[in-house]
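Take a look at the structure below.
The values are calculated or read from the model by the stated rules, or taken from the named source; none is laboratory data. Just so we're clear, the structure is a prediction, and the values are computed from it rather than from any experiment. Positions of Cβ are backbone-derived with ideal geometry, glycine not excepted, and every protein chain shown enters the neighbour counts.
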(Lines give C-alpha, C1' and ligand atoms only; values in the text may rest on other atoms or scores of the structure.)
Protein backbone atom coordinates (compact mmCIF):
# COMPACT_ATOMS: atom_id res chain seq x y z
CA UNK A 1 0.00 0.00 0.00
CA UNK A 2 1.00 3.58 -0.58
CA UNK A 3 0.03 6.70 1.32
CA UNK A 4 -2.01 8.97 -0.92
CA UNK A 5 -3.20 12.50 -0.25
CA UNK A 6 -6.90 13.17 -0.71
CA UNK A 7 -7.81 16.84 -0.90
CA UNK A 8 -11.07 18.64 -0.40
CA UNK A 9 -12.45 22.08 0.35
CA UNK A 10 -15.78 23.72 1.07
CA UNK A 11 -16.95 27.22 1.93
CA UNK A 12 -19.47 28.50 4.46
CA UNK A 13 -21.68 31.58 4.35
CA UNK A 14 -20.90 32.79 7.86
CA UNK A 15 -18.48 32.24 10.70
CA UNK A 16 -20.58 30.07 13.00
CA UNK A 17 -19.89 26.82 14.80
CA UNK A 18 -22.96 25.24 13.26
CA UNK A 19 -21.95 26.10 9.68
CA UNK A 20 -18.30 25.09 10.16
CA UNK A 21 -19.22 21.70 11.63
CA UNK A 22 -22.02 21.03 9.15
CA UNK A 23 -19.89 21.95 6.12
CA UNK A 24 -16.95 19.89 7.36
CA UNK A 25 -19.19 16.85 7.81
CA UNK A 26 -20.70 17.36 4.35
CA UNK A 27 -17.25 17.44 2.79
CA UNK A 28 -15.96 14.47 4.81
CA UNK A 29 -19.01 12.38 3.89
CA UNK A 30 -18.51 13.17 0.21
CA UNK A 31 -14.80 12.31 0.42
CA UNK A 32 -15.63 9.11 2.30
CA UNK A 33 -18.24 7.97 -0.23
CA UNK A 34 -16.42 8.86 -3.44
CA UNK A 35 -13.13 7.31 -2.29
CA UNK A 36 -14.62 4.36 -0.37
CA UNK A 37 -12.64 5.40 2.72
CA UNK A 38 -12.23 3.06 5.65
CA UNK A 39 -11.22 4.65 8.97
CA UNK A 40 -8.62 1.94 9.59
CA UNK A 41 -6.71 3.06 6.46
CA UNK A 42 -6.70 6.77 7.33
CA UNK A 43 -3.20 7.67 8.56
CA UNK A 44 -4.06 11.25 9.54
CA UNK A 45 -6.12 14.29 8.56
CA UNK A 46 -5.13 17.93 8.43
CA UNK A 47 -7.86 20.57 8.48
CA UNK A 48 -7.24 24.22 7.73
CA UNK A 49 -9.54 27.21 7.80
CA UNK A 50 -9.12 30.72 6.51
CA UNK A 51 -8.45 33.35 9.21
CA UNK A 52 -12.05 34.64 8.98
CA UNK A 53 -13.31 31.36 10.53
CA UNK A 54 -12.74 30.89 14.24
CA UNK A 55 -15.91 29.54 15.85
CA UNK A 56 -15.17 25.78 15.84
CA UNK A 57 -12.49 23.19 15.25
CA UNK A 58 -13.31 21.31 12.03
CA UNK A 59 -11.78 18.16 13.57
CA UNK A 60 -14.75 18.13 15.96
CA UNK A 61 -16.97 17.33 12.96
CA UNK A 62 -14.86 14.26 12.19
CA UNK A 63 -15.04 13.13 15.81
CA UNK A 64 -18.82 13.51 15.74
CA UNK A 65 -18.85 11.23 12.67
CA UNK A 66 -16.99 8.55 14.62
CA UNK A 67 -13.41 9.19 13.46
CA UNK A 68 -12.17 8.65 17.00
CA UNK A 69 -8.92 6.74 16.40
CA UNK A 70 -7.59 8.87 13.53
CA UNK A 71 -4.99 11.56 14.33
CA UNK A 72 -6.59 14.91 13.43
CA UNK A 73 -4.88 18.30 13.27
CA UNK A 74 -6.30 21.79 12.74
CA UNK A 75 -4.37 24.79 11.48
CA UNK A 76 -5.02 28.23 10.04
CA UNK A 77 -4.65 28.83 6.31
CA UNK A 78 -2.30 31.60 5.20
CA UNK A 79 -3.87 35.06 5.03
CA UNK A 80 -3.22 35.87 1.37
CA UNK A 81 -4.82 38.99 -0.06
CA UNK A 82 -7.56 38.09 -2.53
CA UNK A 83 -7.71 34.43 -1.48
CA UNK A 84 -11.01 32.59 -1.20
CA UNK A 85 -12.74 33.54 2.06
CA UNK A 86 -14.58 31.38 4.61
CA UNK A 87 -12.97 28.21 3.33
CA UNK A 88 -12.34 24.91 5.10
CA UNK A 89 -9.71 22.65 3.54
CA UNK A 90 -8.96 19.00 4.25
CA UNK A 91 -5.95 16.83 3.46
CA UNK A 92 -6.43 13.15 4.24
CA UNK A 93 -3.38 10.87 4.29
CA UNK A 94 -4.77 7.52 3.18
CA UNK A 95 -3.21 4.06 2.83
CA UNK A 96 -4.47 2.54 -0.41
CA UNK A 97 -3.66 0.48 -3.47
CA UNK A 98 -5.33 3.11 -5.69
CA UNK A 99 -3.28 4.97 -8.27
CA UNK A 100 -3.07 8.76 -8.03
CA UNK A 101 -5.50 9.04 -10.94
CA UNK A 102 -8.10 6.99 -9.03
CA UNK A 103 -8.28 9.40 -6.09
CA UNK A 104 -11.32 11.71 -6.06
CA UNK A 105 -10.59 15.16 -4.68
CA UNK A 106 -13.76 17.04 -3.76
CA UNK A 107 -14.36 20.79 -3.91
CA UNK A 108 -17.81 22.04 -2.91
CA UNK A 109 -19.63 25.36 -3.07
CA UNK A 110 -17.35 28.36 -3.85
CA UNK A 111 -14.28 26.15 -3.24
CA UNK A 112 -14.84 24.70 -6.73
CA UNK A 113 -12.87 27.67 -8.05
CA UNK A 114 -9.73 26.43 -6.25
CA UNK A 115 -9.18 23.43 -8.54
CA UNK A 116 -11.36 23.57 -11.66
CA UNK A 117 -9.00 21.05 -13.27
CA UNK A 118 -10.09 18.44 -10.74
CA UNK A 119 -13.77 19.34 -11.06
CA UNK A 120 -13.60 18.58 -14.78
CA UNK A 121 -12.22 15.11 -13.99
CA UNK A 122 -15.24 14.25 -11.88
CA UNK A 123 -13.93 15.52 -8.55
CA UNK A 124 -17.36 17.04 -7.76
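Structural remarks
- Any chance residue 64 is farther than 17 Å from residue 23 by Cα, at pLDDT 95 or above and out of contact with any strand residue (DSSP E or B) (no Cβ under 9 Å at 6 or more places or on another chain): no
- So residue 95, is it within 26 Å of residue 1 (Cα to Cα), without any contact (Cβ under 8 Å) to a residue 60 or more places away in the chain, surrounded by fewer than 18 Cβ atoms within 10 Å (Cβ to Cβ) and in contact with a helix residue (DSSP H, G or I) (Cβ under 9 Å, 6 or more places away or on another chain): no
- Flag if residue 48 is surrounded by 14 or more Cβ atoms within 10 Å (Cβ to Cβ) and either at pLDDT 95 or above or more than 20 Å from residue 114 (Cα to Cα) (or both): yes
- Verdict on residue 70 being touching a strand residue (DSSP E or B) at 6+ places or on another chain (Cβ under 6 Å), without any contact (Cβ under 8 Å) to a residue 40 or more places away in the chain, farther than 19 Å from residue 109 by Cβ and crowded, with 16+ Cβ neighbours inside 10 Å: yes
- Here the condition is being closer than 16 Å to residue 110 by Cα and surrounded by fewer than 13 Cβ atoms within 10 Å (Cβ to Cβ); of 13, 33, 81, it holds for 13 alone.
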